[in-house]
1. Would you look at the GNM of the chain, springs on alpha carbons closer than 10 Å, and say which of 44, 86, 66 moves the most?
2. On full extension of the chain, what length is gained from residue 153 through residue 13, given 0.36 nm per residue of separation minus the C-alpha to C-alpha distance?
3. From the helices alone, meaning DSSP H stretches of at least four residues, give me the mean residue ellipticity at 222 nm for the chain, per-run term -39500 (n - 2.57), in deg cm²/dmol to the nearest 500.
4. Quick one: 14, 140, fewest Cβ neighbours within 10 Å first, how do they rank?
5. Build a GNM of the chain with springs between Cα atoms under 10 Å: which of 31, 152, 79 gets the top mean-square fluctuation?
6. Over all directions, how big on average is the projection of the convex hull of the alpha-carbon atoms in region 1-100, in square nanometres?
7. Taking the beta-carbon count within 10 Å as an exposure proxy, list 164, 87 from fewest neighbours to most.
8. Could you give the nm distance between label points at residue 161 and residue 28, where each point is 7 Å from its Cα heading toward the beta carbon?
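Values quoted throughout were computed directly from the atomic coordinates according to the rules given, and no laboratory measurement underlies them. Not measured: the values here are computed from a predicted model. Here the Cβ is made from the backbone with ideal geometry for all residues, glycine too, and neighbour counts use every protein chain on show.
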């Protein structure tokens with residue numbers, strides 16, 4: 001069996017460290033944890049027209065970590081290309097774990113869902129539409145909601161304030177831990193929501 005963790009975000013230095021890229025941040029944390037456990041065979045390496053990939057093992061499963069090179073709204077196409085490129089692993093939607101930001105959760109709150117709607121997240125919506133299923137595991141990290149609807153785009157594309165960083169680093173560590181627990185419990189997936 002194989003599993004894959006997909007950290008959602010936007011490519012390029014312009015978006016690095018923004019709220020919308022917290023999926024990348026969690027995967028960077030996850031790489032460190034897996035290297036400590038000697039579970040990761042490679043660090044992140046670029047794969048042309050696809051993104052960044054790290055490969056390893058976790059328990060008895062092959063494991064891939066994937067940061068798409070596409071923009072958030074095109075995440076579905078990127079995940080489809082990823083599944084085709086690595087078809088030797090025979091990955092299906094149920095083998096994926098998505099990691100991403102959630103404006104409907106308070107800053108630093110981490111929530112795990114085993115299926116469900118996209119909740120207004122364009123990247124997740126794109127993936128659900130491309131794969132044709134809502135039965136995809138997710139780890140969501142709260143980035144807080146701005147006071148006005150007109151500020152949502154600026155909010156998700158902004159960087160965290162210095163005083164927010166300790167909470168965010170703690171949330172990323174918790175999210176990485178939640179990903180590991182999902183990897184470990186893969187055979188007993190069910191449709192319930194697990195929250196803190």
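1. Greatest mean-square fluctuation among the candidates belongs to 86.
2. In short, 48.6 nm is gained.
3. -9500 deg cm²/dmol
4. With the fewest neighbours first, 14, 140 line up as 14, 140.
5. In the Gaussian network model the winner is 152.
6. Mean shadow area of the hull around the Cα atoms is 5.9 nm².
7. Result, fewest neighbours first: 87, 164.
8. 2.2
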